[in-house]
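Trainee: Pasting a structure here, questions to come.
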Amino acid sequence: MRRILVFACAVVGAFLVLSISSCDGEMPVAPDARPDIGADGMQAAAQPATHSVTGQGTSWYERGGNAGWMIIALNARQMPDGSVKGNFHWQVRTREWGGRIFVKVSCLTFNENEVRMVGQASQAMNPNNVGKWMGLYVEDNGQGSAAPPDRIFHRWFGPFEEEAMLFCDGPRPEDPEPRELVAGNIMVR
């Protein structure tokens, strides 16, 4: 019994050391993409959506030799009149840098199990990014343990709204290939 207890403590200790060292002492936080609730939000919540995308997930992020975790949470819907409501929260944490951005969705395009969305940052870890544009592509590959992993792809457009809208209305991004979620689930309805 004592060996099992020592082993369990060692595993938990190793996990904590790796978690802290991979995040420069800061544990990743699960993002939140709950819709804004106000008078408009209450009225929109009462309307049935024609399409929606919800969920959250974690993926491995690597750029220029710098690697870490990317976490996404999203909740967006297209209303019967064609209007769009919702948000997504994107967060990345590597050894060298990290960032968080909360995006209010303004364009949402559905194609079977794939969704493209763009919007402007309403909150950001770097205040200079508020008001800038970000796009997200998600692919729902089914539910349950037998389904292949869902996939995500993000693109930063900065101040370029026109490019962001082309991304939202365009074909699935091919370069780079969307990343598979290692945890989480995205649902397109």
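The values are calculated or read from the model by the stated rules, or taken from the named source; none is laboratory data. The shown structure was predicted, so the numbers you read here are calculated from the model rather than taken from an experiment. Because the Cβ atoms are built from the backbone with ideal geometry, glycine has one as well, and the counts that use them run over all protein chains shown. All accessible areas refer to the heavy atoms of the entire protein, side chains included, with ligands and DNA or RNA removed. Shrake-Rupley method; radii C 1.70, N 1.55, O 1.52, S 1.80 Å.
Trainee: Among the residues of segment 108-130, write down those that are closer than 17 Å to residue 73 by Cβ and among the aliphatic types (A, V, I, L, M).
Mentor: Result: 108, 115, 117, 118, 121, 124, 125.
Trainee: For the condition open to solvent by less than 90 Å² (accessible area, probe 1.4 Å), out of contact with any helix residue (DSSP H, G or I) (no Cβ under 7 Å at 6 or more places or on another chain) and modelled with pLDDT of 90 or more, what is the one hit in 142, 170, 131, 98?
Mentor: Values: 142 fails: modelled with pLDDT of 90 or more; 170 fails: modelled with pLDDT of 90 or more; 98 fails: modelled with pLDDT of 90 or more.
Sole residue among the options that is open to solvent by less than 90 Å² (accessible area, probe 1.4 Å), out of contact with any helix residue (DSSP H, G or I) (no Cβ under 7 Å at 6 or more places or on another chain) and modelled with pLDDT of 90 or more: 131.
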